[in-house]
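Undergrad: The structure that follows is given in the form of structure tokens.
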Amino acid sequence: MNEESLLALQNVSFAYDDEEGKRVPVLNSVDVTIDKGSFVSILGHNGSGKSTMAKLMNALLLPAGGKVLVSGMDTQNGEVLWEIRQHVGMVFQNPDNQIVGATVEDDVAFGLENMGVDPKEMRARIDETLFSVGMEKYLMAEPHRLSGGQKQRVAIAGILAMRPSVIIFDEATAMLDPKGRQEVLLLARKLNREEGITIVNITHFPEEAIYSDRVIVMRAGEVMMEGQPSEVFSQVERLKEAGLDVPFVVRLRHELAAKGIDLPFVLHQEELVEHVCKLLLTK
Ligand SMILES: Nc1ncnc2c1ncn2[C@@H]1O[C@H](COP(=O)(O)OP(=O)(O)OP(=O)(O)O)[C@@H](O)[C@H]1O
Ligand SMILES: [Mg+2]
């Protein structure tokens with residue numbers, strides 16, 4: 001484990017018990033490191049073990065084999081469990097399951113009260129984190145009246161208030177409409193860039209991964225691919241075989257290439273548009 005790595009799964013295996021008590025392997029020799037300050041996306045088919053990995057990263061689950069380290073702390077060590085949970089915040093899929101308070105303010109206060117943070121400090125943290133997620137005007141709002149995207153932002157504020165070093169988004173945008181999805185994703189990127197928070201984004205949307213520093217692709221409990229977005233997404237056929245989609249821009253370029261129109265590899269729509277325009281002008 002190098003000094004920069006915040007999370008490390010070292011040769012990790014994990015199995016669940018099925019209804020008859022039989023062990024069903026879910027993760028197999030997984031080696032993953034997440035560097036401090038990075039934005040990492042995890043892609044993979046249903047059931048490939050992504051959520052299990054996330055739960056191992058904040059000690060909700062413990063590995064059957066291998067080690068999980070959070071800032072060098074072994075998740076098997078019960079004495080540091082509380083510290084690990086504070087370090088690694090998790091945002092889940094369903095916004096309604098994550099709201100506990102009757103008002104937005106209460107909701108963010110909840111975790112802090114549990115931590116025993118003093119009232120003055122608590123006031124400051126609530127205001128600061130709601131501002132960070134752009135929900136400061138909703139302090140007294142009832143969470144059930146908010147949109148899905150706003151609810152997720154309140155859930156994120158609740159996590160931020162605990163001052164985590166990493167936030168894991170486990171399909172946190174899956175139940176949101178495109179606007180809500182955009183809100184949450186932009187917020188994740190902002191927290192990464194401006195506040196240095198490490199982000200792990202587990203997603204089914206390949207588009208969400210183009211801004212990450214690294215992409216990890218899981219398949220049947222193993223790491224199938226890992227690299228920068230351009231390295232991973234340029235392997236369109238391999239991803240397709242694993243039943244995974246690529247960002248629209250990559251797919252379009254791939255289909256144009258099949259028709260004999262070659263364009264440079266890009267990930268962003270504006271870049272592709274630029275290349276297509278250049279091509280049209282030179283024809
Ligand atoms: N609590 C559990 N008990 C038994 N088996 C489980 C449990 N949770 C998950 N599994 C099984 O473990 C495997 C991996 O599940 P996991 O939830 O980690 O996958 P995932 O990649 O997050 O999938 P999805 O994309 O559907 O969220 C699946 O086969 C799943 O059925
Ligand atoms: Mg999952």
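This table checks each residue for (1) under 13 Å from the mean Cα position of the chain (by Cα); (2) over 10 Å from I42 (Cα atoms); (3) free of Cβ contacts under 8 Å to residues at least 24 places away in the same chain.
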{"residue": "I199", "(1), (2), (3)": "yes, yes, no"}
{"residue": "P206", "(1), (2), (3)": "yes, no, no"}
{"residue": "D213", "(1), (2), (3)": "yes, yes, no"}
{"residue": "A220", "(1), (2), (3)": "no, yes, no"}
{"residue": "E231", "(1), (2), (3)": "no, yes, yes"}
{"residue": "S234", "(1), (2), (3)": "no, yes, no"}
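Undergrad: Can you say whether G21 is over 26 Å from A157 (Cβ atoms), within 16 Å of ligand 1 (Cβ to nearest atom) and either surrounded by 15 or more Cβ atoms within 10 Å (Cβ to Cβ) or not acidic (D, E) (or both), as far as the supplied structure shows?
TA: The answer is yes for G21.
Undergrad: Oh, and also: Starting from residues that are in a loop (DSSP other than H, G, I, E, B) and in contact with a strand residue (DSSP E or B) (Cβ under 7 Å, 6 or more places away or on another chain), keep the ones in the range 184-210 and report whichever is nearest to I159 (Cα to Cα).
TA: This residue is I197.
Undergrad: For G260, indicate whether it is without any contact (Cβ under 8 Å) to a residue 24 or more places away in the chain and assigned to a loop (DSSP other than H, G, I, E, B).
TA: Against the criterion (without any contact (Cβ under 8 Å) to a residue 24 or more places away in the chain and assigned to a loop (DSSP other than H, G, I, E, B)), G260 qualifies.
Undergrad: Kindly indicate the residue of the range 214-251 that is touching a Pro at 6+ places or on another chain (Cβ under 8 Å) and in a loop (DSSP other than H, G, I, E, B) and also nearest to S29 (Cα to Cα) among those meeting that condition.
TA: G221
Undergrad: Restricting the first residue to the range 55-66 and requiring it to be without any contact (Cβ under 8 Å) to a residue 40 or more places away in the chain, which pairs with a second residue that is of a type in the set (A, V, I, L, M, F, W, C) and not in a loop (DSSP other than H, G, I, E, B) meet a Cβ separation below 7 Å and a spacing of at least six or different chains?
TA: These pairs meet every condition: A59/L81; A59/I84.
Undergrad: Just checking: which of the strands (runs of 3 or more DSSP E) contained wholly in the range 1-96 hold 3 or more residues that are away from ligand 2 (no atom under 16 Å from the Cβ)?
TA: Of the strands (runs of 3 or more DSSP E) lying wholly inside the range 1-96, those with at least 3 residues that are away from ligand 2 (no atom under 16 Å from the Cβ) span 5-17, 23-35, 65-70.
Undergrad: Could you look through the range 263-280, keep only residues that are hydrophobic (A, V, I, L, M, F, W, C) and in a helix (DSSP H, G or I), and pick out the one that is farthest from D213 (Cα to Cα)?
TA: Ranking the candidates gives L280 first.
Bear in mind that the values in this text are calculations on the coordinates, not laboratory data. Predicted model, so just to flag it, every value in this text is computed and none were measured. Note that each Cβ is placed from the backbone with ideal geometry, even for glycine, and that neighbours are counted across all protein chains shown.
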